[in-house]
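Undergrad: I have a structure here, written as structure tokens, and I will follow up with some questions on it.
Read-outs: derived from the displayed coordinates by stated rules, not from any lab. Quick caveat, the model's predicted, so the values are computed rather than measured. Counting neighbours? That spans all protein chains shown, and the Cβs are built from the backbone with ideal geometry, glycine included.
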Amino acid sequence: MRFVIIAIGVAAVAAGSLIEPASAAKSKMGCEIGKEVWNASVGKCEPGTPKYTKKAAAAKPGKKAPAKK
């Protein structure tokens, strides 16, 4: 009986992963990264691209950034 319950649970998890395998990457506020930006005055996500982007991880303290050519 326990084996049947465990098998049903595993089958449910497997079926759930097959139904929606790929979902869009979301930001902290729930906006799709690269497609939507958070508008604080309205309080929701709006279509558009972010104004500022994060710097590359190469610029760490104690290390110089690679020279641009």
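Undergrad: Relative to the present Cα-Cα distance, how much length would full extension add between Lys68 and Glu46 at 0.36 nm per residue of separation?
TA: Numbers: separation 22, 0.36 × 22 = 7.92 nm, distance 3.42 nm.
The Lys68-Glu46 span can extend by a further 4.5 nm.
Undergrad: Continuing with this model, one more query. If each residue's Cβ is checked for other Cβ atoms within 10 Å, how do Ser17, Ser41, Ser27 rank with the fewest at the top? Mind showing how you got there, number by number?
TA: Values: Ser17 9, Ser41 5, Ser27 14.
Result, fewest neighbours first: Ser41, Ser17, Ser27.
Undergrad: Whose amide H sits under 5 Å from the amide H of Val37, counting only residues 5 or more places off or on another chain, with H placed in the peptide plane?
TA: HN-HN under 5 Å from Val37: Glu46, Gly48.
Undergrad: Right, next: Can you tell me how much longer the chain between Glu32 and Ser17 gets when fully stretched, taken as 0.36 nm per residue apart minus their C-alpha distance, in nm with one decimal?
TA: 3.4 nm
Undergrad: Go through region 27-43 residue by residue and turn each phi into a ³J(HN,Hα) via Karplus (6.51, -1.76, 1.60, θ = phi - 60°); whole Hz please, and just put x for glycine and proline.
TA: 7, 4, 8, x, 8, 5, 5, x, 10, 10, 10, 7, 10, 5, 5, 8, x
Undergrad: Just want the ordering: Met1, Met29, from fewest to most Cβ atoms lying within 10 Å of their own Cβ.
TA: Lowest count first: Met1, Met29.
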